[in-house]
Amino acid sequence: MNKIIFQIGLLTFCVSVVVFTTMGNDVLDVVAKSFIIFIASIVAMVGVVVATSLLSVKEKVNPEETGKTA
């Protein structure tokens, strides 16, 4: 999971570098803005994963009760 999140973050970094470069920004501005977008995308994806795991309800089954008949 961590590897996928990191790779998607790198993809957003590379795409933002291309976009900001075509807009005619300086190299330092391009790297700074792209790094901010990289961090924001990773934080957003981690937030989605955490929220999904916290909101998913998992039913707990007691193994002693599965063999009983009512």
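Here are a few things to note about the model shown:
- Each residue, Asn25 and Ala51, gets one label point 7 Å from its Cα in the Cβ direction; the gap between the two is 2.5 nm.
- Between 0 and 90°, nearest 10: helix 2-22 axis offset from the chain longest Cα axis: 20
- A helix-only calculation puts the chain at -26000 deg cm²/dmol for mean residue ellipticity at 222 nm, using -39500 (n - 2.57) for each DSSP H run of at least four residues, averaged over all residues.
- Projected-area average for the chain over all orientations - Cα convex hull basis, square nanometres: 6.8
- For Asn25, residues with placed amide H under 5 Å, excluding near neighbours: none
- Helix 27-55 vs. the chain, principal-axis angle (Cα, 0 to 90°, nearest 10): 10
- Extended-chain gain in nm, criterion 0.36 nm per residue less alpha-carbon gap, Ala32 and Leu10: 6.5 nm
Every read-out reported here was derived from the displayed coordinates using simple, explicitly stated rules and does not represent laboratory data. Note that this is a predicted model, so its numbers are computed, not measured. Cβ sites come from the backbone with ideal geometry, for glycine too, and all protein chains shown count toward neighbours.
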